[in-house]
Amino acid sequence: MIHETQQVFRTLVQLNSYVGERGRLEGHSFNGPISQGAFLIAATLLDQEVSFSVLGMEAEQENYLQQEFRSFPVKIAEADFIFVGKKVTAEQLTALQQAKIGDLIDPQKSATIIVELESLSEASVHYQLEGPGIKERKSVDFPKQLVDIFMIREQLNQEYPLGVDLIIVDEQLEILCIPRTTLIKEVA
């Protein structure tokens with residue numbers, strides 16, 4: 001497991017450096033109450049020193065994260081990591097507006113939102129990304145399910161360097177990272 005979490009960590013660092021690029025997580029087959037992608041990311045990022053919150057997940061899944069990784073669940077406004085499940089409702093998503101964005105002294109004390117999707121490949125909405133790690137602009141297509149999350153992210157990331165980071169992972173273990181420094185604009 002240590003080798004797998006090291007590999008996931010390297011993938012996360014690389015994808016945060018090359019914004020808009022997609023990668024793939026590698027890991028042993030997993031049968032548990034959460035998806036394999038969420039498991040690999042949780043195994044890499046969660047421990048007894050950080051907190052998490054969940055949206056669109058069952059109580060069993062939240063309990064699993066707590067017991068397996070010795071992390072503790074908290075309200076969204078206090079969470080270091082927020083796991084957004086595939087079954088999240090639009091009403092539940094509004095709670096993301098409470099995610100912590102850090103402060104001007106410690107902007108790094110913000111939340112990272114981990115979003116689970118069925119497939120990143122089913123992209124239907126066209127966006128342009130700008131910011132550090134992108135030469136000029138990068139065109140990327142995303143699934144419609146991310147539109148609401150991107151709107152909430154835009155509200156949270158209005159005052160640089162404050163904001164939230166995004167990690168998006170699908171059932172095929174395809175992954176993409178969007179740091180808080182990246183601007184996302186929908187293109188018609």
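Annotation: of all residues in region 64-117 being in contact with a Leu (Cβ under 6 Å, 6 or more places away or on another chain) and among the polar types (S, T, N, Q), the one that is modelled with the lowest pLDDT is GLN92.
Listed by first and then second residue, the pairs with beta-carbon distance under 8 Å, at least 6 apart or on different chains, first residue in region 131-142 and without any contact (Cβ under 8 Å) to a residue 40 or more places away in the chain, second open to solvent by less than 60 Å² (accessible area, probe 1.4 Å) and part of a loop (DSSP other than H, G, I, E, B), are ASP141/ALA123; PHE142/LEU120; PHE142/ALA123. Every test in (1) under 30 Å from PHE30 (Cα atoms); (2) of a type in the set (D, E, K, R); (3) in a strand (DSSP E or B) is passed by LYS185 save one, and that test is (1). Number of residues in region 174-188 that are of a type outside the set (S, T, N, Q) and over 17 Å from LEU120 (Cα atoms) equals 6.
Here is a yes/no grid of residues against (1) assigned to a strand (DSSP E or B); (2) under 29 Å from ILE34 (Cα atoms); (3) open to solvent by less than 10 Å² (accessible area, probe 1.4 Å):
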| site | (1), (2), (3) |
| --- | --- |
| PRO107 | no, no, no |
| ILE113 | yes, yes, yes |
| LEU120 | no, yes, yes |
| LEU129 | yes, no, yes |
| ILE134 | no, no, no |
| ASP148 | no, yes, no |
| GLN155 | no, yes, no |
| TYR160 | no, no, no |
| CYS177 | yes, yes, yes |
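Residues in region 55-65 that are aliphatic (A, V, I, L, M) and either within 15 Å of the chain's Cα centre (by Cα) or surrounded by 16 or more Cβ atoms within 10 Å (Cβ to Cβ) (or both): LEU55, MET57, LEU65.
Determine which member of the set ASP103, ASP141, ASP170 is of a type in the set (Asp, Glu) and open to solvent by less than 40 Å² (accessible area, probe 1.4 Å).
So the residue among ASP103, ASP141, ASP170 that is of a type in the set (Asp, Glu) and open to solvent by less than 40 Å² (accessible area, probe 1.4 Å) is ASP170.
Considering (1) in contact with a Phe, Trp or Tyr (Cβ under 7 Å, 6 or more places away or on another chain); (2) loosely packed, with under 15 Cβ neighbours inside 10 Å, the lone condition that ALA188 does not fulfil carries the number (1). Count of region 162-175 residues, restricted to those that are assigned to a strand (DSSP E or B) and either under 23 Å from ALA95 (Cβ atoms) or not β-branched (Val, Ile, Thr) (or both), is 7.
Return the residue satisfying two criteria in turn: it lies in region 10-54 and is of a type in the set (Phe, Trp, Tyr) and modelled with pLDDT under 95, and of such residues it is least open to solvent (accessible area, probe 1.4 Å). Here the residue is PHE39.
The values are calculated or read from the model by the stated rules, or taken from the named source; none is laboratory data. Because the structure is a prediction, the values reported are computed rather than measured. When we count neighbours, we look across all protein chains shown, and the Cβ atoms used for this are built from the backbone with ideal geometry, even at glycine. SASA here: full protein model, heavy atoms, side chains in, ligands and nucleic acids out. Shrake-Rupley method; radii C 1.70, N 1.55, O 1.52, S 1.80 Å.
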